[in-house]
Amino acid sequence: MELGKFSLSLTVKDIHASLDFYQKLGFTLLDDHRDENWVILQNGDTVIGLFQGMFEKNLLTFVPTDVRGIQKHLKANGIKLNEEADESTTGPAYITLTDPDDNPIMFDQHDPDYKPTA
């Protein structure tokens with residue numbers, strides 16, 4: 001089962017201060033939505049998202065090409081999902097779950113024609 005590209009989604013208190021900090025660490029802006037309180041940054045193969053006021057905790061994020069296939073596999077293996085994708089639809093959707101230590105995980109399938117704004 002291919003999980004897709006991986007990124008870490010960080011809950012931040014101040015999107016501008018966090019963006020400045022991570023840019024000083026060498027990350028470059030990949031997708032700029034500061035007006036909506038989120039940005040995506042990249043350094044080499046490492047991708048992080050900074051999100052102000054959107055999540056309660058930091059979360060692991062995977063961007064698969066078939067979130068519904070992953071959902072079926074997880075459910076067939078007894079993994080409880082917090083949020084499910086509508087299996088009667090196609091296209092962008094997401095699912096969420098938590099690991100045994102209560103760490104949140106998201107599988108977020110994007111529109112294949114999506115283009116970053118930065």
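Where a number appears in this text, it was derived from the coordinates with a stated rule and is not lab data. Everything numeric here is computed off the predicted structure, so don't read it as measured data. For neighbour counting, all protein chains shown are included, and Cβ atoms are generated from backbone atoms with ideal geometry for every residue, glycine included.
Key figures for this structure:
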item	result
Test: ASP14 is farther than 22 Å from ILE105 by Cα and either out of contact with any Leu (no Cβ under 8 Å at 6 or more places or on another chain) or small (Gly, Ala, Ser) (or both)	yes
So ILE70, is it out of contact with any Gly (no Cβ under 6 Å at 6 or more places or on another chain), farther than 24 Å from THR98 by Cβ and buried (at least 18 other Cβ atoms within 10 Å of the Cβ)	no
Of all residues making up segment 97-113, the number that are surrounded by 11 or more Cβ atoms within 10 Å (Cβ to Cβ), out of contact with any helix residue (DSSP H, G or I) (no Cβ under 8 Å at 6 or more places or on another chain) and free of Cβ contacts under 8 Å to residues at least 24 places away in the same chain	1
Of all residues making up segment 69-96, the number that are over 25 Å from ASN58 (Cβ atoms) and in contact with a helix residue (DSSP H, G or I) (Cβ under 9 Å, 6 or more places away or on another chain)	4
Single residue of segment 22-38 satisfying the filter (without any contact (Cβ under 8 Å) to a residue 40 or more places away in the chain and within 21 Å of GLU56 (Cα to Cα)) that is surrounded by the fewest Cβ atoms within 10 Å (Cβ to Cβ)	ASP35
Top-ranked residue of segment 6-16 - restricted to ones that are touching a residue at least 24 places away in the same chain (Cβ under 8 Å) and more than 30 Å from LEU74 (Cβ to Cβ), ranked as surrounded by the most Cβ atoms within 10 Å (Cβ to Cβ)	ILE15
Criterion (within 20 Å of MET1 (Cβ to Cβ) and not charged (D, E, K, R)) met by exactly one of LEU25, LEU30, LEU97	LEU97
Residue among LEU3, LEU19 that is in a loop (DSSP other than H, G, I, E, B) and touching a residue at least 12 places away in the same chain (Cβ under 8 Å)	LEU3
Hits in segment 58-98 (condition: among the small types (Gly, Ala, Ser) and part of a helix (DSSP H, G or I))	GLY69, ALA76
Selection within segment 2-29 - in contact with a helix residue (DSSP H, G or I) (Cβ under 9 Å, 6 or more places away or on another chain) and at positive phi	GLY4
